[in-house]
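Attaching a single structure in structure tokens format; questions to follow.
FYI, it's all coordinate maths here, none of it is from the lab. Model, not experiment: these values are computed from the prediction. We place every Cβ from the backbone using ideal geometry, glycine too, and count neighbours over all the protein chains shown.
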Amino acid sequence: MDNEKSIAEINEVIAKVEAELKPGCEIGARDKATLKSLLKAAKVSKEPKFFPCKREQSAKILAHFVKSKGVPQSRFSMNAQPYIFLLPK
């Protein structure tokens, strides 16, 4: 089970992401270097916005936005990653 500190950390990251979230954005979890190289290889010119989080919390944060808020999950997303990212459309 999550303790109070973990819940507070998750809520803090969620608040930061919600402040930057715009309609049409995709959300995902990935480390910075890998995501930037994947975007370059896929010829995606959009610049992602990163939010640091703990690896074990990234899946819970993503689930909140994908299931509760209806935000589309990026195809570049993976589980247990050190950053949450927003990719504008």
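Test of understanding: what is the full-extension gain from THR34 to ASN3, defined as 0.36 nm times their sequence separation minus their Cα-Cα distance?
Values: separation 31, 0.36 × 31 = 11.16 nm, distance 3.08 nm.
Gain on extension, THR34 to ASN3, equals 8.1 nm.
Treating only the Cβ atoms of Lys and Arg (+1) and Asp and Glu (-1) as charged, compute the dipole magnitude of the chain about its Cα centre; round to the nearest 20 debye.
Details: 17 positive and 10 negative charges, 105 e Å.
For the chain, the charge dipole is close to 500 debye.
Another question, if that's okay. Rounded to the nearest 10 degrees, what's the angle between the helix 32-41 long axis and the longest principal axis of the chain, both from Cα atoms, 0 to 90?
Value to nearest ten degrees: 30.
Expected output is a single nm value to one decimal: the length gained when fully extending between SER68 and ALA42, i.e. 0.36 nm times separation in residues minus the C-alpha distance. What is it? Before the final figure, lay out each step's value.
Working: separation 26, 0.36 × 26 = 9.36 nm, distance 2.88 nm.
Length gained between SER68 and ALA42: 6.5 nm.
Summing Lys, Arg as +1 and Asp, Glu as -1, what charge do residues with Cβ under 12 Å from the Cβ of MET78 carry, MET78 excluded? Kindly include the intermediate steps, with their values, before the conclusion.
Details: positive: ARG30, ARG55, ARG75; negative: ASP31.
Overall, the nearby charge balance is +2.
List the pairs from LYS5/LYS40; LYS22/LYS54; LYS16/LYS36; LYS5/LYS89; LYS5/LYS46 whose alpha-carbon separation is above 29 Å, in the order I gave them.
Numbers: LYS5/LYS40 37 Å; LYS22/LYS54 23 Å; LYS16/LYS36 21 Å; LYS5/LYS89 34 Å; LYS5/LYS46 34 Å.
In this structure, LYS5/LYS40; LYS5/LYS89; LYS5/LYS46 lie more than 29 Å apart at Cα.
What is the packing order of peptides 11-24, 59-72, taking the mean over residues of other C-beta atoms within 10 Å and listing the highest first? Before the final figure, lay out each step's value.
On the way: 11-24: 13.1, 59-72: 15.3.
Order by mean packing, descending: 59-72, 11-24.
While we're here: Note down the Stokes-Einstein diffusion coefficient of the chain in µm²/s, whole number, using a Kirkwood radius over alpha carbon pairs, 4 °C, and 1.567 mPa s. Before the final figure, lay out the partial values.
Values: Rh = 13.1 Å.
Using the Kirkwood radius from Cα pairs, D works out to 99 µm²/s.
Under 14 Å Cα-Cα from LYS60, which aspartates and glutamates qualify once same-chain neighbours fewer than 8 residues away are excluded?
Counting by Cα, and skipping residues close in sequence, LYS60 has these aspartates and glutamates nearby: ASP2, GLU9, GLU12.
What is the helix-to-structure angle for 4-20, meaning the angle in degrees between its Cα long axis and the longest Cα principal axis of the chain, kept from 0 to 90 and rounded to the nearest 10?
40
Okay, moving on. For ALA59 and MET78 in the same chain, what is the full-extension length gain: residue separation times 0.36 nm, less their Cα-Cα distance, in nm?
Values: separation 19, 0.36 × 19 = 6.84 nm, distance 0.85 nm.
Between ALA59 and MET78, full extension yields an extra 6.0 nm.
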